[in-house]
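The next block holds one structure in the form of structure tokens; read it before the comments.
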Amino acid sequence: MNHALLFLSITLFWLPIAAQEQPSRPKITGIAHVRVYATNLENSRAFLTKMLGLPAGGGPCAGLTQPCFPVNEHQQIELQQAPTPAPANFLAEVAFATNDVAQMRRYLLAHSIKSGPISKDASGALHFDLRDPEGHPLSFVQLPSQPSNYRSSDAQVSSRLLHAGFVVKNPAVEDHFYRTLLGFRMYWHGGSEDSSNDDWIELQVPDGSDWIEYMLNVLPIADHGELGVVNHFALGVISMPHTFDRLKTNGLQTNEAPEIGRDGKWQFDIFDPDATRVEFMEFKPAQDPCCNPYEAAHPDQP
């Protein structure tokens, strides 16, 4: 066999192996949790249990030492003591659920995304941490195969963690990570004025209907209050009038009222003790959105 044929044979032999060694992306099915900084853990704990009516532990939070509040059998809100000096962004972490955390880590490392080691928490969930291109803390979580013993509270305002939003400076850079690499898809985008550029871009996870929201056009001089509005999380509700009544029963005192947002959905905002916005949103729009049509299916109601 001459040298040319020998080289061709070796190349053909290694091509399938190289293809097999390139890991594929496992499923990303939704948001597993959001973690929020708190300057006073007891005040924030009271807000989550009394105002939102969430259970204090149990379900997917079972065994965890940090303050953890289940929203349903596979989603939770966690608290973390805010460091000193306090960070600009009080949305401490957004975690995505995957069916294979080890494969996800291999996939990200193969694409030169720095990822932390895999660890197992007391609830049995496997996870690893990373940051997106603009530095937002993320985690991928593989929940235990056995369902948690979650029990809802009678005072619970919502049983679905719907989306998380954060400041994005360069959507093209973030798109390469979330859309090209991770497979997130466009759900909706629009602006505060009909003639303006996008102020919000909503991207659904590739294998579910939860989403993240790019909060665009936020000035670098934005103060803590402004950043608390844009760095937020949202809970899905079936009926906004029922939700508003429940919040008032749970102690909400406000002169504000629910309204239909630019996306055509009924929504209402409250704020935790550290001015982080908690948005309540109906699952489906009540009218056509302002600027662009929806490009993916709406989340299912629980």
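Within the range 76-93, no residue satisfies the criterion of being modelled with pLDDT under 95 and crowded, with 20+ Cβ neighbours inside 10 Å. Residues in the range 192-206 that are surrounded by fewer than 18 Cβ atoms within 10 Å (Cβ to Cβ) and at pLDDT 95 or above: 206 alone. Restricting attention to the range 19-73, the residues being under 22 Å from residue 268 (Cβ atoms) and in a helix (DSSP H, G or I) number 8.
Conditions (1) free of Cβ contacts under 8 Å to residues at least 60 places away in the same chain; (2) more than 24 Å from residue 174 (Cβ to Cβ); (3) touching a Gly at 6+ places or on another chain (Cβ under 9 Å); (4) not hydroxyl-bearing (Ser, Thr, Tyr), marked per residue:
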site	(1), (2), (3), (4)
234	no, no, yes, yes
238	no, yes, no, yes
246	no, yes, yes, yes
274	no, yes, yes, yes
301	no, yes, yes, yes
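Taken over the range 207-221, the criterion of being surrounded by 15 or more Cβ atoms within 10 Å (Cβ to Cβ), touching a helix residue (DSSP H, G or I) at 6+ places or on another chain (Cβ under 9 Å) and assigned to a loop (DSSP other than H, G, I, E, B) is satisfied by 216, 218.
Could you tell me whether residue 251 is of a type outside the set (Val, Ile, Thr), over 23 Å from the mean Cα position of the chain (by Cα) and at pLDDT 95 or above?
Yes.
Filtering the range 171-221 to residues that are free of Cβ contacts under 8 Å to residues at least 40 places away in the same chain and aliphatic (A, V, I, L, M) leaves 172, 201, 203, 219, 221.
Listed residues 133, 70; which is touching a helix residue (DSSP H, G or I) at 6+ places or on another chain (Cβ under 8 Å) and under 30 Å from residue 249 (Cβ atoms)? Lay out the reasoning, then the answer.
On the way: 133 fails: under 30 Å from residue 249 (Cβ atoms).
The unique qualifying residue is 70.
One residue stands out among those in the range 280-294 that are touching a residue at least 60 places away in the same chain (Cβ under 8 Å) and not in a loop (DSSP other than H, G, I, E, B): the one that is farthest from residue 210 (Cα to Cα), which is 280.
Out of contact with any Pro (no Cβ under 6 Å at 6 or more places or on another chain), farther than 19 Å from residue 130 by Cα, among the hydrophobic types (A, V, I, L, M, F, W, C) and not in a loop (DSSP other than H, G, I, E, B): is that true of residue 96 in this structure? Let's see the steps before the verdict.
Numbers: out of contact with any Pro (no Cβ under 6 Å at 6 or more places or on another chain): yes; farther than 19 Å from residue 130 by Cα: no; among the hydrophobic types (A, V, I, L, M, F, W, C): yes; not in a loop (DSSP other than H, G, I, E, B): yes.
So residue 96 does not fit the description; no.
Residues in the range 84-117 that are free of Cβ contacts under 8 Å to residues at least 24 places away in the same chain and out of contact with any strand residue (DSSP E or B) (no Cβ under 8 Å at 6 or more places or on another chain) were compared, and the one that is farthest from residue 278 (Cα to Cα) is 112. Looking only at residues of the range 230-274 that are among the charged types (D, E, K, R) and farther than 23 Å from residue 194 by Cβ, we find that the one that is surrounded by the most Cβ atoms within 10 Å (Cβ to Cβ) is 272.
The values are calculated or read from the model by the stated rules, or taken from the named source; none is laboratory data. Here the structure is a predicted model, which is why all the values come from computation and not from measurement. With ideal geometry, Cβ positions are generated from the backbone for all residues, glycine too; neighbour counts draw on all protein chains shown.
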